[in-house]
1. Could you tell me which of rounded, prolate or oblate describes segment A:124-244, using a ≥ b ≥ c as the square roots of the eigenvalues of the alpha-carbon gyration tensor, with rounded for a/c under 1.5 and, failing that, prolate when a/b is larger than b/c and oblate otherwise?
2. Once you order the gyration tensor axes a ≥ b ≥ c over the Cα atoms, which shape class does segment B:51-171 get: rounded for a/c under 1.5, otherwise prolate or oblate by comparing a/b with b/c?
3. Just to confirm my numbers, what's the Cα centroid distance between segment A:431-459 and segment A:32-63 in Å?
4. For chain A, what is the mean residue ellipticity at 222 nm derived from helices alone (per DSSP H run of n ≥ 4: -39500 (n - 2.57); sum divided by total residues; nearest 500 deg cm²/dmol)?
5. Arranged from highest to lowest average of other beta-carbon atoms within 10 Å per residue, in what order do the peptides B:6-19, A:217-230 appear?
6. If you place +1 on the Cβ of every Lys and Arg, -1 on the Cβ of every Asp and Glu, and leave all else neutral, what size is the dipole of chain B about its Cα centre, to the nearest 20 Debye?
7. Using a 1.4 Å probe on protein heavy atoms, which residues of segment A:161-205 have at least 20 Å² less accessible area in the complex than alone?
8. I'd like to know which of A:HIS479, A:PRO14, A:MET254 lies farthest towards the positive end of the charge dipole of chain A, counting +1 on Cβ of Lys and Arg and -1 on Cβ of Asp and Glu.
Amino acid sequence: MPETTKTKPKRPKPGAIPRQEMPRQAPEVRRANFNEVALGLTMEMAQLEAQRCLQCKKPLCITGCPVEVRIPEFILALSEGNMPEAVRLLKDKNNLPAICGRVCPQETQCEEVCVLSKKFEPVAIGRLERFVADWELAQGVEPPEPLPATGKRVAVIGAGPAGLTCAADLARCGHQVTLFESLHAPGGVLMYGIPEFRLPKRTVHAEVDYVKSLGVDLQLDAVVGKLYTLNELLGERGYDAAFLGTGAGLPRFMRIPGENYNGVYSANEFLTRVNLMKAYLFPEYDTPVKVGKRVAVIGGGNVAMDSARCALRLGWQRSLAEGNEPPEVTIVYRRSRVELPARLEEVENAEEEGVEFRLLTNPVEIYGNEQGWVRGMRCIRMELGEPDDSGRRRPIPIEGSEFDTEVDVVVVAIGTSPNPLVFTDAGGLERTRWGTVVADQETGRTTKQGVWAGGDIVTGAATVISAMGAGKRAAADIHRYLVGEEICE
Amino acid sequence: MYKILAREELAPITKLMVIEAPEVARKAQPGQFVIVRIDEEGERIPLTIADFDRRAGTITIILQEVGKSTMQMGMLEVGDGFLSFTGPLGEPSKIENYGTVLCVGGGVGIAPLFPIACALREAGNYVISIIGARHKELLFWEEKMHSASDELIVCTDDGSYGRKALVTVPIRELLEQRDDVSRIWAIGPAIMMKFCSLTAQPFHVPIIVSLNSIMVDGTGMCGACRVEVGGRTRFVCVDGPEFDGRDVDWDQLLARQRIYLGEEKLAREKFEHECCSKHKSSGSAV
């Protein structure tokens, strides 16, 4: 890019500065604690990294971002040392940057299309986003001036990534927003699913506080479908519109014999106990979880990696405290390594920490003892056949290849589907045969008047950022519907 | 915070609490449950709804102090409160006019049985109730159950009050004597519900039980409460808590209730130790 260097003479040559690595806890240290693995860049490193950005005239990175963060602009402000401006530009499109900077799969989004990546490594956009967001949280967050009240009321159901984003954008436009959350804490999967060592809960609290500071009324312990129904909210409760962002919270099991033995968990239960209820601090916290010596985690997605890494930490903590053998934690996945749906970074983190991978393997039966506890698992080896509907090669069992393995905890992480509770008394809301809500991809409009939906409830289990993108697009369309204008910038 | 408006000691380890929760009371129906959490460190504990008052905006819960959390709850006073109070959860009881029904309550199970018996009677049923406990000290609400029933049989395992019998004995007798019993509700400890179901089995009478599985969220999210009913895995929190006891895999349920016995013991000992040392340091007599 000679043109870029010409107009900005101070900018170093592309590739002259290496991509700044983020300091992390060493694997043999972090596998025995729940503290955050990645420690964040220093100001010096962040500014050095920011200088690597080419400031493209037509930035592809923005097109790679589901919420279209003004990436080159915030990076430029950062490189110039204007932190408040960097924050303002970053948060213009993203209400939860400290979260996205940690859990977005940047390698398949903004960073994948970074022009620099054609010859060198891409700009570490995620790390810079995290750095700027953390800087702001450390300073104390200033909420933007609210716009004049519109007098319109919106019910946002589910305080996860989609709901928080939708609520924040609508509140910024002057609408009165009530955010309903079924659990006792807001955040959805950010609280119950993603572990402390990937996303510290204080970061989630801080981002939720920001959303509340915009004027969003957060109602906890409010199970829509039970305490209120959708039709009640739109009828007697007087809401002008509703957004459904209740995610995909229903665990799927394998439907193999023995799945109800003690010690067999859905990933949802295992992670909720550990993360939301803080079972890793038992007995200081009241909720227990079984700490396994030999743990098998079934599945190959991010949830499986999170479960395996939690189980590993629990096991190491116990083994260090009691002087026992270290734990054995194994991921059991039916396809091969290249098909693992988890982020490569998380797979590598898990491997570094000592999680083992048993690929091309599928459980067929779980064995228990007389007291009803799991003691073993029968698996079958798989091979890959022709590609299936998903484009990935279909795993086929190899006849006669069954083998037994000893386990004392099994975590089933093979996916989730939307929780149907919210559909009680919600007539007119069309759903697919997978239980997801039918909604317009661009606007989030459902088949029910005045109701929008976005995130995992529409797509099935996906990413935090795609849910946020859906929440954002729905907020824009709800605003259009309520006041007949384009959303405020 | 969800405030405790009234508190009553029904037995040394059985406490009744009236909680201010107007929105929950507005929707509560017999057979449903709530999930409560005491404080920031607290676990989510499912409790069946013993009574509700829509006008006063209250929910009545009854708890038996068996573990750390319930012991800590038992120490709460009027004016204290719960940090979370989520409900009403689960499917309500199917109340219809069945004709003659038996309502069987064992120990703390008498509490959730009461609103169901009231609703059944109001629907026109002839309600015969059987309440029982191990010992007379553990028995409560005889008066209330009396007012909710056309006939009431009271028994204790040790004969310290009423008839000396397990509740299964009068169930069998009634089923042998009368052929008009068209449905039974039996609520109490899992082992009692198991044997009530076995007793009812040969008479081909549906027996509705309310399962008390271990839960976390109570909304179908975690599957901790799952149990096989009629050969199918069901979630007690959203598919139940009521099922036909003849279809329940009781041994599985009983095993699953014991998952955290070790951890529960540890938590209770730690709590008792802390309570003791607190009492010692403040100089007050226990």
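1. Values: a/c = 2.65, a/b = 1.45, b/c = 1.83.
Judged from the Cα gyration tensor, segment A:124-244 comes out oblate (a/c at least 1.5, b/c at or above a/b).
2. Values: a/c = 2.30, a/b = 1.22, b/c = 1.89.
Oblate, because a/c is 1.5 or more while a/b does not exceed b/c.
3. Result: 34 Å between the Cα centres.
4. Numbers: 17 runs with 157 residues, N = 489.
Value at 222 nm, helices only, nearest 500: -9000 deg cm²/dmol.
5. A:217-230, B:6-19
6. Details: 32 positive and 40 negative charges, 35 e Å.
Using Cβ point charges on Lys, Arg, Asp and Glu, chain B gives about 160 debye.
7. Output list: A:SER182, A:LEU183, A:HIS184.
8. With unit charges placed on the Cβ atoms, the residue in question is A:PRO14.
The values are calculated or read from the model by the stated rules, or taken from the named source; none is laboratory data. For clarity, every value in this text was computed on a predicted model and none was experimentally measured. Reconstructed Cβ throughout: ideal geometry from the backbone, glycine too, with neighbour counts over all protein chains shown. Side chains are part of the model used for accessible areas, which takes the heavy atoms of the whole protein and leaves out ligands, DNA and RNA. Shrake-Rupley method; radii C 1.70, N 1.55, O 1.52, S 1.80 Å.
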